[in-house]
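Peer 1: Before I ask anything, let me first share the structure, which is written out below as structure tokens.
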């Protein structure tokens with residue numbers, strides 16, 4: 001491992017964020033499968049190599065260690081990524097966003113990955129960067145929703161998108177992950193209505 | 001263990017929620033210490049007995065197994081419990097509540113316990129009851145804040161307290177646990193202001 005890392009460090013462009021080998025999405029998928037099945041301890045570079053059929057040296061060429069691979073998988077996997085909506089109205093966009101958060105936290109294919117990722121990060125302060133980067137990445141995409149709303153005169157550009165998203169996504173997290181209760185479509189619409197009203201949004 | 005449980009089942013009032021031996025708070029404290037130090041796997045009845053100096057049979061007399069003890073410790077420990085505020089106004093009460101959630105998630109003595117509890121529950125569907133009971137217990141206390149607000153004419157009694165608390169506490173959770181960012185007093189006041197405005201609250 002030491003030797004491989006030494007060699008890899010000399011390869012230009014290796015292990016940069018946002019890049020990866022051709023098989024990156026397949027590697028991410030296996031990494032998240034192993035995370036969902038066995039938690040943080042269930043993820044090993046060897047296990048990912050075995051199940052994905054990608055050579056271990058290829059994986060090490062791109063990611064220095066398990067935490068780097070796990071970070072790339074959580075942040076860049078298509079499984080946990082969704083397109084930023086553009087419905088033509090702020091209310092419409094936020095309703096779509098909230099419903100996507102609900103699906104992410106409740107559908108079997110993603111909820112087990114999210115629970116395992118949350119469990120891994122919550123218990124390991126050294127993985128705090130992973131959560132920070134994941135949400136910073138999502139926020140940078142979601143700012144477009146607020147930019148368009150400001151252009152349409154729906155929302156003052158003094159309203160902080162991060163605050164709005166913390167209220168919306170936080171309410172869903174609280175209901176699903178903390179209270180362990182079901183989320184209805186009515187709940188999803190209510191949180192959007194309360195937050196938009198509270199931010200002085202105009203339809 | 002089997003034998004002890006058999007005997008215990010015949011003791012009237014044993015292992016009821018909300019009750020416990022005289023040393024209950026000391027046992028809870030040790031249980032949460034072990035949880036913070038070693039996660040879910042770090043908690044064992046034997047370990048709790050050894051560190052608290054309470055006989056193992058006494059612990060088993062009250063809690064059938066580790067999950068029952070962990071549940072009692074998380075739900076009933078004074079460490080994770082705070083008095084429901086009564087400042088004379090809804091805004092005042094909610095500001096106090098939000099600041100207490102911030103402290104719970106950021107102060108060293110509690111944040112490590114919360115992270116370990118979240119990690120344990122997120123990764124184990126069979127512990128979902130524990131999260132549900134914890135938040136149901138807190139909600140039942142916090143309803144008093146909304147009852148008084150309705151009496152003072154500050155908030156319609158058609159507003160769902162759980163929705164308001166999901167928005168407020170969820171925003172703090174999102175900022176601290178998901179984004180892993182600091183929460184300022186300004187952020188805490190802003191979430192209260194947005195949610196109260198959004199719910200049509202009157203000062």
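A short reminder: the numbers here are calculations on the coordinates, not readings from a lab. Computed from a predicted model, the values in this text were never measured in an experiment. Reconstructed Cβ throughout: ideal geometry from the backbone, glycine too, with neighbour counts over all protein chains shown.
Peer 1: Using the C-alpha gyration tensor of chain B, what are the square roots of 5 times its eigenvalues, in whole angstrom, with the largest one first?
Peer 2: Rounded to whole Å, the semi-axes are 36, 19, 13.
Peer 1: Sticking with this structure for a sec: Give me the Å³ per residue figure for the convex hull around the C-alpha atoms of the protein assembly as shown.
Peer 2: Convex hull of Cα atoms, per residue: 168 Å³.
Peer 1: While we're looking at this one, here's another question. Quantify how strongly other chains surround peptide A:177-187 by giving the mean number of their Cβ atoms within 10 Å of each of its Cβ atoms.
Peer 2: The shielding value for this peptide is 5.
Peer 1: Quick check: the distance between the Cα centres of segment B:99-125 and segment A:95-157, to the nearest angstrom?
Peer 2: Segment B:99-125 and segment A:95-157 have Cα centres spaced 20 Å from each other.
Peer 1: Give the relative contact order (percent, whole number) for chain B; include only Cα pairs under 8 Å separated by 6+ residues.
Peer 2: So the answer I get is 21 percent.
Peer 1: Taking the label point 7 Å from Cα in the Cβ direction, how far apart in nm is residue B:37 from each other copy of itself, listed shortest first?
Peer 2: From this label point to the equivalent ones elsewhere in the assembly: 3.4 nm.
Peer 1: Pick from B:32, B:94, B:165: which residue has the top mean-square fluctuation in a GNM of chain B where Cα pairs under 10 Å get a spring?
Peer 2: B:165
Peer 1: OK, next. With each run of n ≥ 4 DSSP H residues scored as -39500 (n - 2.57), what mean residue ellipticity at 222 nm is computed for chain B after dividing by its residue count and rounding to the nearest 500 deg cm²/dmol?
Peer 2: When only DSSP H runs of four or more count, the value is -21000 deg cm²/dmol.
Peer 1: A further question on this structure: Could you tell me the convex hull volume per residue, in Å³, taken over the Cα atoms of segment A:114-198?
Peer 2: It is 111 Å³ per residue.
Peer 1: Output, in nm with one decimal and in ascending order, the distances from the residue B:22 label point to the matching label points of the other copies (7 Å from Cα along Cα-to-Cβ).
Peer 2: Label-point distances to the other copies, shortest first: 7.4 nm.
Peer 1: Taking residue A:65 in one copy and the same position in all the others, each labelled 7 Å out along Cα→Cβ, what are the pairwise distances from the first, in nm, shortest first?
Peer 2: Ordered by distance, the counterparts are at 3.5 nm.
Peer 1: Using a 10 Å cut-off around each Cβ of peptide A:129-138, what is the average number of partner chain Cβ atoms that fall inside?
Peer 2: What the average comes to for A:129-138 is 3.
Peer 1: Measure off 7 Å from each Cα along the Cα-to-Cβ vector at residue B:46 and residue A:44, then give the distance between these two points in nanometres to one decimal.
Peer 2: Between residue B:46 and residue A:44, the simple spin-label model gives 2.6 nm.
Peer 1: Build a GNM of chain A with springs between Cα atoms under 10 Å: which of A:161, A:182, A:85 gets the top mean-square fluctuation?
Peer 2: Result: A:182 has the largest fluctuation of those listed.
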